[in-house]
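The values are calculated or read from the model by the stated rules, or taken from the named source; none is laboratory data. Computed from a predicted model, the values in this text were never measured in an experiment. Note that each Cβ is placed from the backbone with ideal geometry, even for glycine, and that neighbours are counted across all protein chains shown.
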């Protein structure tokens, strides 16, 4: 189902809600602006706070195709933008030779034609799509190197790419571009300038509760509240990597599968690996720490 | 053109030259012609005109602006000239009251010099020259240098040759060596000959220098050395290397942006501004912990080499220091510790902090004179020998 782009911040919030994405108003506003102004949106935040999810939700909510480009070091034009089908090109050259095709201009025109062009995500995003402009998700841009970032400048400001052998390919409809970054590297100011920027923070208690209810409905109400209170308290601890929302959801599902009705120190100990991924952090919660945190969380819930 | 203007122009050029701008006599002739063409209508026009002729580097613009304002205000030449030229009088620009960039160097350039300091300034500093004077300066402790000598040393640091350490990255580039086939280039080459012959084309991995992450102690005991180290970092950064700079006393401050200021004085001033606890005490362990937690994952990703600049005299307990050093060491491709205490011949690593840190670094080096920085550059250029120092 193709949906029109939302016309107000409230519309945007409603759209996200329909797709079970619990967002705060600031995120909805910046998303609305990005859609309205047709500007790329750069989302930064700790791992597991739902950056990539935004693009997926938009894709299903608006009924647009999602084109995803996962960045990595050394990502180059050949795997991000376009590539020629060399085998077929060489074949074409040989065939032309065999057929006595003499004109070099003609041959060049034939060999560098759309037939032999393999389009990669960025080029695909500029093509016309049935359901309207697609959603282009450039995931973890910080993993690509600075050279690729520089290449993106043309794509993101003019929505066009230059293919050396043919010319410029311009977007039919401007795609909706979402970039995410985990900040393993600073993104260059020139790229940031072209985007709207939003920092997604860990949600507060009420919102996280809403998220867990929406995404992990199997967990009972008591358990859900305790889980959220516990994770919220855990984020205040001096940890190397605080658990993200994704971890909370995993944990809620895990505890629900284990038929837990409420948090018990033993069960928490056994499942800590779902929440914390560093041995130092897990070691910090040995002994009575978990028991104390559960009591504290319950105390807080009672108030 | 009146003789006294030309006199002033030459003088102005000499002032700029003394402040480090390269101006040839030919430039001065150009400037004279340009001004003659332009006439003395407007102070701003003249400034723009002289700037276009004398300045070829962006980082010297601020210096020029400042010099121009001081020089031509002091003498009031332009105003007099404009007045003499008659009716097209315009009001001169109001002076900006921005922080004075390059003020120290300009002040020195404006001062009449004795023949001795002039001779000194003319010494072209090459890191490997063997004149006895320079040799003495190269191995002289920064702390014992006079102000003049420090300046020479700073100049020398700014002109050191970069380390030529390169690391392979995953991006490819064409090569003539027979490595990987580059099909795109091959089809291009075939098209050039009309498809009659197949020429093999190759590509290989590109190499580039790894970024440098510097963690620098700013406690009182390190003052002079820290300043020189910042000069060194600024030189690296100015020559195009990716440098992330952090200063720590009792807490960590990121000064990467400050170091990127073109002018070294400006950069140092910004660093000083950014840091709340210059010349205070140090808490090495907790500062490194803060780095590990907040920054390590962000700046150590691209095979960065870490330079830790500290005397290692920890005021807090050493347990934190040891674990955090271990973590830092595991996170970094290469960890070099620069310690100015190594200037003492009989230095022995006995302080608890030093003992705690030592097992986790790849290399411990001195950093108290120019020679030690030259050596550092050489060490950076050498590939890391596995398991040589690091006891893991």
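Things to note:
- Only listed residue being buried (at least 21 other Cβ atoms within 10 Å of the Cβ) and either more than 25 Å from residue B:290 (Cβ to Cβ) or touching a strand residue (DSSP E or B) at 6+ places or on another chain (Cβ under 9 Å) (or both), chosen from A:222, A:228: A:228
- Within the stretch B:49-74, tally of residues that are in a helix (DSSP H, G or I) and under 24 Å from residue B:260 (Cβ atoms): 11
- Residues of the stretch B:261-277 classified as without any contact (Cβ under 8 Å) to a residue 40 or more places away in the chain, touching a strand residue (DSSP E or B) at 6+ places or on another chain (Cβ under 8 Å) and not in a loop (DSSP other than H, G, I, E, B), total: 1
- Condition met for residue A:208 (surrounded by 15 or more Cβ atoms within 10 Å (Cβ to Cβ) and away from chain B (no Cβ under 14 Å)): yes
- In summary, residue A:282 fulfils each of the numbered conditions (1) closer than 16 Å to residue A:238 by Cβ; (2) without any contact (Cβ under 8 Å) to a residue 12 or more places away in the chain; (3) surrounded by fewer than 14 Cβ atoms within 10 Å (Cβ to Cβ) with the single exception of condition (3).
- Meets criteria (in contact (Cβ under 8 Å) with a residue 24 or more places away in the chain and more than 18 Å from the chain's Cα centre (by Cα)) for residue A:169: yes
- Residue count for the stretch A:74-92 under the criterion of being in contact with a helix residue (DSSP H, G or I) (Cβ under 6 Å, 6 or more places away or on another chain) and either surrounded by 17 or more Cβ atoms within 10 Å (Cβ to Cβ) or at the interface with chain B (Cβ under 7 Å from one of its Cβ atoms) (or both): the result is 8.
- The sole residue among A:152, A:191 that is closer than 25 Å to residue B:185 by Cβ and assigned to a helix (DSSP H, G or I) is A:152.
- The stretch A:63-73: number of residues that are within 17 Å of the chain's Cα centre (by Cα) and facing another protein chain (nearest Cβ under 10 Å): 1
- Output for the stretch B:278-326, where each listed residue is touching a strand residue (DSSP E or B) at 6+ places or on another chain (Cβ under 8 Å), more than 14 Å from every other protein chain (Cβ to nearest Cβ) and not in a loop (DSSP other than H, G, I, E, B): B:284, B:287, B:305, B:306, B:307, B:308, B:309
- In this entry, residue B:259 passes the filter for residues that are crowded, with 16+ Cβ neighbours inside 10 Å, within 14 Å of chain A (Cβ to nearest Cβ) and touching a helix residue (DSSP H, G or I) at 6+ places or on another chain (Cβ under 7 Å).
- Against the test of being surrounded by fewer than 23 Cβ atoms within 10 Å (Cβ to Cβ) and in contact with a helix residue (DSSP H, G or I) (Cβ under 9 Å, 6 or more places away or on another chain), the options B:341, B:328 yield a single qualifying residue, B:341.
- Restricted to the stretch B:190-202, and to residues there that are surrounded by fewer than 18 Cβ atoms within 10 Å (Cβ to Cβ) and within 11 Å of chain A (Cβ to nearest Cβ), the residue that is nearest to residue B:383 (Cα to Cα) is B:198.
- Residues of the stretch A:176-191 classified as more than 30 Å from residue A:228 (Cβ to Cβ) and more than 14 Å from every other protein chain (Cβ to nearest Cβ), total: 4
- Of the residues B:165, B:224, the single one that is modelled with pLDDT under 85, away from chain A (no Cβ under 13 Å), under 19 Å from the mean Cα position of the chain (by Cα) and under 24 Å from residue A:147 (Cα atoms) is B:165.
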